[in-house]
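Worksheet: the structure to be examined is printed underneath.
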Amino acid sequence: ADKCFADGEYPLATAHDILWSNRCPRIVAELLASTADVILLQEVDAAAFNELLPKLTGYDGLHQKGNTHPCNATFWKPRLSLVWAQHRSRTLSTVLHDGQAKASVAIVNCHLEGCPSASLKRVQQLQSALEGVRHAGSLQAPHASLVLAGDFNSTAEGAVAAYLSFG
């Protein structure tokens, strides 16, 4: 998102590099070259998502609803079908089904609270997303696998890692 590039915050990037019109083609090229089945991005504003989606040929996508600030976006190859989605303030959860493999995967795309003193809030955000995925799995979107990825704004020794390790 453009607002993430405050003056002087990235001293090695030139003003030319920071312009969205210059960044976008490079981002698209990098993402397409990855040939990933699923792509998870954070800090994507609605305008950038609307520009990225048609350029990411061979992908469908979903942008987190209800947010006016930059948030999460998930893209997937069309051989996968979207079965379920949940939009929370800091997470975008989806269940994607692969008809060929006859398997589904739940994906939680996170950009958890960034305030250093908000470790409990980060854990609660993650708990809420995982509870939604658990509920979806039991009712409408069974899945055998879970991918949890994104920006946790935490360290390997932090509360989020402890919650994921020990519950």
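The values are calculated or read from the model by the stated rules, or taken from the named source; none is laboratory data. No experiment lies behind these values; they were computed from the predicted model shown. Note: ideal-geometry Cβ built from the backbone for every residue, glycine included; neighbour counts use all protein chains shown. With ligands, DNA and RNA removed, areas are computed over all heavy atoms of the protein, side chains included. Shrake-Rupley method; radii C 1.70, N 1.55, O 1.52, S 1.80 Å.
For the stretch 49-125, what does the alpha-carbon gyration tensor say about shape, rounded, prolate or oblate, given a ≥ b ≥ c as the root eigenvalues, a/c under 1.5 as rounded, and a/b over b/c as prolate?
Values: a/c = 3.02, a/b = 1.57, b/c = 1.92.
Oblate, since a/c reaches 1.5 and b/c is not below a/b.
Rounded to the nearest 500, what is the 222 nm mean residue ellipticity of the chain from helices alone, with -39500 (n - 2.57) per DSSP H run of 4+ residues and division by all residues? Mind showing how you got there, number by number?
Details: 5 runs with 58 residues, N = 167.
Estimated from H runs of four or more residues: -10500 deg cm²/dmol.
Post the alpha-carbon centroid distance, the stretch 61-78 to the stretch 104-121, in whole angstrom.
Spelled out, the Cα-based centre of one part sits 15 Å from the other.
HN-Hα J couplings of the stretch 49-65 from phi, Karplus 6.51/-1.76/1.60, θ = phi - 60°, integer Hz, Gly and Pro as x?
4, 5, 7, 5, 3, x, 7, 8, 4, x, 9, 9, x, 9, 10, 4, 7
Count the lysine pairs in the stretch 51-167 whose Cα atoms sit under 23 Å apart, keeping only pairs 8 or more residues apart in sequence or on different chains. If you can, show how the numbers build up before the last one.
On the way: Lys55/Lys65; Lys55/Lys77; Lys65/Lys77; Lys65/Lys121; Lys77/Lys102.
The number of close lysine pairs in the stretch 51-167 is 5.
Carbon-plus-sulfur fraction of the accessible area of the chain, 1.4 Å probe, in percent?
Working: 5190 of 9210 Å².
With neighbouring chains kept in place, the figure for the chain is 56 percent.
Dipole of the chain (Lys/Arg Cβ +1, Asp/Glu Cβ -1, origin at the Cα centre): which of Leu31, Ala136, Ala161 lies farthest to the positive side?
Value computed over the given set: Ala136.
How much accessible area per residue does the chain have, in Å², with a 1.4 Å probe? Please report the intermediate quantities before stating the final value.
Values: 9210 Å² over 167 residues.
Here the per-residue accessible area is 55 Å².
For Cα Rg over 2.2 N^0.38 Å, one of (1) 1.09; (2) 1.20; (3) 1.52 was computed from the structure I shared and the rest are decoys. Which label?
The value computed from this structure is option (1).
Please name which of Val83, Leu19, Leu52 has its Cα lying farthest along the dipole of the stretch 1-127 towards the positive end, using unit charges on Cβ (Lys, Arg +1; Asp, Glu -1) and the Cα centre as origin.
Sorting the options by dipole projection puts first Val83.
Applying a 10 Å radius around every beta-carbon, put 97-108, 14-25 in order of their mean neighbour count, most first. Could you put the intermediate results ahead of the total?
Values: 97-108: 16.0, 14-25: 11.8.
Sorting 97-108, 14-25 by mean packing, highest first, produces 97-108, 14-25.
Can you tell me, using C-alpha contacts under 8 Å and at least 6 residues apart, the relative contact order of the chain as a whole percent?
On the way: 257 pairs, mean separation 28.0, N = 167.
Normalised by residue count, the contact order of the chain is 17 percent.
State to the nearest 20 debye the size of the charge dipole of the stretch 1-158 about its Cα centre, where the only charges are +1 on K and R beta carbons and -1 on D and E beta carbons.
On the way: 13 positive and 15 negative charges, 106 e Å.
Computed charge dipole of the stretch 1-158: roughly 520 debye.
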